[in-house]
1. Given the chain, what percent of its DSSP beta bridges are antiparallel, to the nearest 5?
2. Once you list every other residue whose beta carbon is under 10 Å from the beta carbon of Val28, what net charge do they have if Lys and Arg are +1 and Asp and Glu are -1?
3. Length gain on complete extension for the stretch Ser46 to Ser77, per 0.36 nm per residue less the alpha carbon to alpha carbon distance?
4. Evaluate E = 1/(1 + (r/R0)^6) for Ala66 and Ala13, where r is the Cβ-Cβ distance and R0 equals 30 Å; express this FRET efficiency to the nearest 0.05.
Amino acid sequence: MRAISFPTGLSPAQYTPNCIKIKVGQTVTWNGAFANHPLMPFNGDSNNPVTLTSTGTTKGFAFPAAGTYGFGCQFHSFSMFGAIQVVP
C-alpha cells in the first residue's frame, strides 16, 4: 500500500507525493480532509478507479489495470493534482 497526504485545513497545498509509480493490483490511500479538498479523477486514462470523495479523512483505491490515472482536488484543481502510474 502507498499513501498520499494532503491538507486538512482550507488552504490548498500540493499532494505529497503528487506522482507515484505502483504495480497492478496495489492500493493507494489518500489521507487528509476530503470535505475541504474533495478528491476526484482528473485526466489520465478513462478507466480511473478514483471516484469523487468528499467526506472522511482516509480513502483507498485499488488499481487493477496498467495505465496513468490522474487525480485532483475538486475545489483547487489548478494547484492540487497528481498522477498514479500503474505498471505490470
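The numbers here are math on the coordinates, done by the rules we state, and not lab data. None of the values given here were measured: they were computed from a predicted structure. Heads up, the Cβs are rebuilt from the backbone with ideal geometry, glycines too, and the neighbour counts pull from every protein chain shown.
1. Values: 17 of 26 bridges.
In the chain, DSSP labels about 65 percent of beta bridges as antiparallel.
2. Details: positive: Arg2, Lys59; negative: none.
In short, +2.
3. Working: separation 31, 0.36 × 31 = 11.16 nm, distance 1.79 nm.
Between Ser46 and Ser77, full extension yields an extra 9.4 nm.
4. 0.50
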